[in-house]
Amino acid sequence: MDENYSEKRTIGRYIILLLLVVALFAGWSVFWYIASGKVEATIEGWRAREAQGGRLYTCGSQTIGGYPFRFELNCDDASALFKSSQPPFDVKSRGVLVVAQVYEPTLLIGEFHGPLTISSPGQAPEVIVNWKLAQSSLRGTPSEPERMSVAVDLPVVEGVSGGVQKTLWKARRFELHGRIAEGSVRDHPVIETVLRLGGATAEALHPGAAMPVDADITAVLRGLNDFAPKSWDARFREIQASGGGIEVTQMRLVQGESLAVGSGTVTVNANGRLDGQLQVTVAGLEAFLNAIGAQQMVQQAPGMDRLAGALDRLSPGLGGVARQQAAANLGLGINMLGQQTTLEGKRAVTLPLKFTDGAIYLGPIPVGKMPAMF
């Protein structure tokens, strides 16, 4: 009889343990189901927030999975309409996977499936973007965003014209990070952004960008009233109206033998273009000037045209000689204008990088032009 009683107790324990496991399983399943609904609601909240800023995101089909330890939202045939941009444009991709862990539902990790196409609404693709791996992270809630990051391995941007694709830009690595460093979403937020590029080239856009560039730039945006949903055009108008600006706290660029570091502040003028100055220290200046074609810029500058014309009137051909000499002595002249120093053990010169109504000058040399912020 004792043996039967002991056997029954053992069986009873197993039954109780089984019931506990079933209860735990059922409880966890209910919790996951309820929590997955909240994660989906959070994602819908982010969509609604973006829609207020004129950015409409849709899925061809959408499913929720990831049971039992995480939540996965699969968005197939993902698309976005940026209707607040001028002009508006469409973005489409094969899909997006958004993942949140059970223990950290306010951190959304995204993985994007290429290719991605950009076009005018209802038109054929004008730009095609592809990559090996593209991921993003978004921390916070739709009402209280905290930080975001995007990281892409082997991105390639191609332009499409007449059915022919041409590589416009590519890189080994692209990273963009942003966070609210000071203030709050509702009260004068200060946004810190970090851009990192590895092996970036853009020969089709400028011959000077044919050689790979590594970049690490940290900038701080000041002058926003809030971080409510709106277009970036509207945000830069706020910055301009409030007298804010963009403070570049750290910049480091490497291209071949050239190395540049710098910092400074630029503002946005009434035309939506950048004004201001960064102090930049450059090692390997001659290689940089050759890469951007600075000699040709000097030879073709309007002021040089007037000088060459005057010299030619004095003696035919003298203007051409002046052009050649000006170009040949450009590096020497810039070095004389700047402050001599060293950078990471190399001879270097410190010069102002000036922004004047969007035009960019390194010392006296024009090196490019920034588009308007609005």
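Rule-based calculations on the coordinates, nothing more; no lab input. Because the structure is a prediction, the values reported are computed rather than measured. Counting neighbours? That spans all protein chains shown, and the Cβs are built from the backbone with ideal geometry, glycine included.
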With +1 assigned to the C-beta of every Lys and Arg and -1 to the C-beta of every Asp and Glu, and no other charges, what is the dipole magnitude of the stretch 75-178 about the Cα centre in debye, to the nearest 20? 340 debye
Using a simple spin-label model with points 7 Å from Cα along the Cα→Cβ vector, what separation in nm is obtained for MET370 and GLN279? 1.9 nm
Over the stretch 1-167 - Rg/Rh using Cα atoms and the Kirkwood inverse-distance radius: 1.24
Karplus (6.51, -1.76, 1.60) ³J(HN,Hα), θ = phi - 60°, over the stretch 148-164, in Hz, Gly and Pro reported as x: 9, 9, 10, 9, 10, 9, 6, x, 9, 10, 10, x, 10, 9, x, x, 9
What does the extension gain come out to for ALA23 and ARG347, with contour length at 0.36 nm per residue minus their alpha carbon separation? 109.4 nm
Set of the stretch 222-251 residues, backbone N closer than 17 Å to the point 7 Å along the Cα-Cβ line of GLU182: 222-227, 239-240, 242-250
For the stretch 352-361, Karplus-derived ³J(HN,Hα) couplings (6.51, -1.76, 1.60; θ = phi - 60°; whole Hz; x for glycine and proline) come out as x, 9, 9, 10, 10, 6, x, 6, 10, 10
